[in-house]
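Chemist: Pasting in a structure now, in structure tokens, and then I'll have a few things to ask.
The values are calculated or read from the model by the stated rules, or taken from the named source; none is laboratory data. The structure presented is a predicted model; accordingly, all values stated were derived computationally and were not measured. Cβ placement follows ideal geometry from the backbone for every residue including glycine, while neighbour counts extend to all protein chains displayed. When the accessible area is computed, the model is the full protein with side chains, heavy atoms only, and any ligands, DNA or RNA have been set aside. Shrake-Rupley method; radii C 1.70, N 1.55, O 1.52, S 1.80 Å.
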Amino acid sequence: MKNFHLGLNLEGYLVAWALFCCICILILGFEFKTMIQIYKVYFCFLFVPWKLVSFLISSVILIGVVPIMHDRSWDYIDASFMSVLTFLTSPWSIGVIFRSFKHNTPRNHVVLAVCIMCFSASWSYDLYNYIKDGTKIESVSFAFGRNPDHFSIYSTPHDFLPGPL
């Protein structure tokens, strides 16, 4: 397997999105009461039986392909947490972004939605692999795809596909 080098400073990339996440945590702290009022029915919407069954089936498939992927950066742990994060955050993130085109959605909510979407579909994967392997990550996933030698998958569809469900 060839190493895929993008010429990016991995630590700089991690610091940049970590800083963005910290800013979003501050925004969330200031907006928390407002967001609870606006999105209070979200978990009732999310935890209906057919969505839970759909989540379980897709998670089993995502976790089940780990052995056949032959990708050292993709394992049972990241397959599990990415499926959970996607299930919990995709509908809200995509809904907020979609509503921002049609309605007067607060900009802070859109910023949070983008951050949460990127974290669940990409940054959590990058962080996990950075902690696991240090600077030996073969590729940076967001916007560049994963290891091109055997499978090219982009992170944003990871959130957009299940989001509308």
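Chemist: If each of residue 81 and residue 18 carries a label point 7 Å out from its Cα toward its Cβ, how far apart are those two points in nm?
Modeler: Each label point is offset 7 Å from its Cα along the Cβ direction, giving 1.4 nm.
Chemist: With the calculation restricted to Cα positions, what are the radius of gyration and Dmax of segment 38-87 in angstrom?
Modeler: Gyration radius and largest Cα-Cα distance of segment 38-87: 13.4, 43 Å.
Chemist: Loop-only check: which trypsin sites (Lys or Arg not before Pro) in segment 35-86 are DSSP coil with at most 14 other Cβ within 10 angstrom? Kindly include the intermediate steps, with their values, before the conclusion.
Modeler: Values: sites: 40, 51, 72; in loops: 40, 72.
For trypsin sites (Lys or Arg not before Pro) across segment 35-86 that sit outside H, G, I, E and B with at most 14 neighbouring Cβ atoms in 10 Å, the list reads 40, 72.
Chemist: Something else now. Keeping the other protein chains in place, figure out the carbon and sulfur percent of the accessible area of segment 17-89, with a 1.4 Å probe.
Modeler: Numbers: 3940 of 4750 Å².
On segment 17-89, the fraction of accessible area on carbon and sulfur atoms equals 83 percent.
Chemist: Packing-wise, with mean Cβ within 10 Å as the measure, how do 109-116, 31-38, 127-134, 86-93 rank, highest first?
Modeler: Numbers: 109-116: 19.8, 31-38: 12.1, 127-134: 14.4, 86-93: 21.4.
Final packing ranking: 86-93, 109-116, 127-134, 31-38.
Chemist: Could you tell me the calculated FRET efficiency between residue 131 and residue 68, based on Cβ-Cβ distance and R0 = 30 angstrom, to the nearest 0.05? List each step's numbers first, then the result.
Modeler: Working: r = 25 Å, r/R0 = 0.82.
Calculated value: 0.75.
Chemist: Accessible area, 1.4 Å probe, largest first: how do 117, 69 sort?
Modeler: Greatest to least solvent exposure: 69, 117.
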